[in-house]
Each structure stands twice: as structure tokens, then as C-alpha cells.
Amino acid sequence: MAALMGKKVMVIGGSSGIGLGVVEAAARRGAKLVMVAISQERLEAAKTSLGAQANVETISADMTNKAEVARLFEEVGPFDHLVSTAGIPPPGSPIGETDIAEVSAFVDNKLLGALRLYRGARAL
Ligand SMILES: NC(=O)c1ccc[n+]([C@@H]2O[C@H](COP(=O)([O-])OP(=O)(O)OC[C@H]3O[C@@H](n4cnc5c(N)ncnc54)[C@H](OP(=O)(O)O)[C@@H]3O)[C@@H](O)[C@H]2O)c1
């Protein structure tokens, strides 16, 4: 419980789903959250849902964009923990009907996105 008290925790994909669950759990344990996603509107809605007592900063950044990832880490500065749950669902069609562009967008988002985040964090 005390392990997260006062710690700065970045959650990429924090505005929704699993990421928002991580944000809620960490906020309850006294962490300072940096909630990151693409849509500023959804970030604000998620922040409102957490209540005024939660210590949450929101930043819009797209992890498929190298420059945005660099800007994100510059803006955040030093932090204690980085969690990424961000992603889009994998293509669901049978393999013979799967659109290659859809597969490519999925890989660029979820897999290469995680790699960009790791590199951005290492560059600090
Ligand atoms: N929920 C499940 O049961 C489950 C099970 C297995 C796997 N997964 C996978 O886990 C991932 C997260 O699932 P979820 O249910 O939490 O999804 P979700 O509710 O759709 O949330 C996705 C989050 O990721 C953000 N995001 C997406 N692309 C981004 C990008 N390029 N840069 C920055 N943020 C981005 C979204 O922000 P915006 O809304 O602003 O785009 C949102 O905050 C997905 O890839 C999903 O396929 C989920």
C-alpha cells in the first residue's frame, strides 16, 4: 500500500479500460498519476470520473508518433513507474480475409508503440 505513496506513475492508455483501472488503483494508494492517451476529451472525462481528490495530470500523446513520445517524456520529466496498457484490438478477421494495412496499424500501435515508449523513457 505504502509503496506507491507520492510516487509519480505514468499510465499510457490511462483514459479507458485496463489503463483507467490501473490509474484508479494507483490513485487510491496515493500515487501522483500522469494519465496519457490520444483524445484529450476522453482524458478529461476519465479525470472527472476519478474525483477531485485524485492527483492526476493528463497529457495527450500518440505512441505511434516518435516526436510526440519525445515531447511526452520531456514534459513529464523524472518519474517512478511507467505502465502501458494502450493499444487497439488485433484484427479479428480470418487470416485469408485479413487486411494487411490493419495488421500493420496494429503492430505499429501496440508493439512498436511500446518500443517507442521504452526508448523515450531511456533517453531521459
Ligand atoms: N479489455 C480486455 O479484456 C483485453 C483483453 C486482452 C487484450 N486487451 C488489449 O489490451 C489493450 C487495452 O485494452 P482496453 O480494454 O484497456 O482498451 P480501451 O478501453 O480501448 O483503452 C485503450 C487506451 O489506449 C489508448 N490508446 C490507444 N492507442 C493509443 C496510442 N497510439 N497512443 C496513446 N494512447 C493510445 C486509448 O486512448 P484514446 O481513446 O485516446 O485513443 C485508451 O486510453 C488493447 O490493445 C486490447 O486489445 C484487452
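The values are calculated or read from the model by the stated rules, or taken from the named source; none is laboratory data. Everything numeric here is computed off the predicted structure, so don't read it as measured data. In this analysis, Cβ positions are derived from the backbone assuming ideal geometry, glycine residues included, and neighbour counts consider all displayed protein chains.
Just a few scattered comments:
- Filtering the stretch 15-57 to residues that are surrounded by 13 or more Cβ atoms within 10 Å (Cβ to Cβ), outside any helix (DSSP H, G or I) and more than 8 Å from the ligand (Cβ to nearest atom) leaves 29, 30, 31, 32, 33, 34, 35, 54, 55, 56, 57.
- Scanning the stretch 3-14 for residues that are of a type outside the set (Lys, Arg) and assigned to a loop (DSSP other than H, G, I, E, B) returns 5, 6, 13, 14.
- All positions within the stretch 58-80 that are aliphatic (A, V, I, L, M), out of contact with any Gly (no Cβ under 6 Å at 6 or more places or on another chain) and within 12 Å of the ligand (Cβ to nearest atom): 59, 61, 72
- The residue that is farthest from the ligand (Cβ to nearest atom), among those in the stretch 1-14 that are surrounded by 18 or more Cβ atoms within 10 Å (Cβ to Cβ) and on the phi < 0 side of the Ramachandran plot, is 4.
- Of the residues making up the stretch 71-95, those that are at pLDDT below 95, in a loop (DSSP other than H, G, I, E, B) and on the phi < 0 side of the Ramachandran plot are 88, 89, 90, 91, 92, 93, 94.
- Cross-chain or 6+ apart pairs with Cβ under 6 Å, the stretch 71-87 first and more than 17 Å from residue 38 (Cα to Cα) and β-branched (Val, Ile, Thr), then within 14 Å of the ligand (Cβ to nearest atom) and not in a helix (DSSP H, G or I): none
- Residue-level analysis places residue 92 among those that are within 13 Å of the ligand (Cβ to nearest atom) and out of contact with any strand residue (DSSP E or B) (no Cβ under 8 Å at 6 or more places or on another chain).
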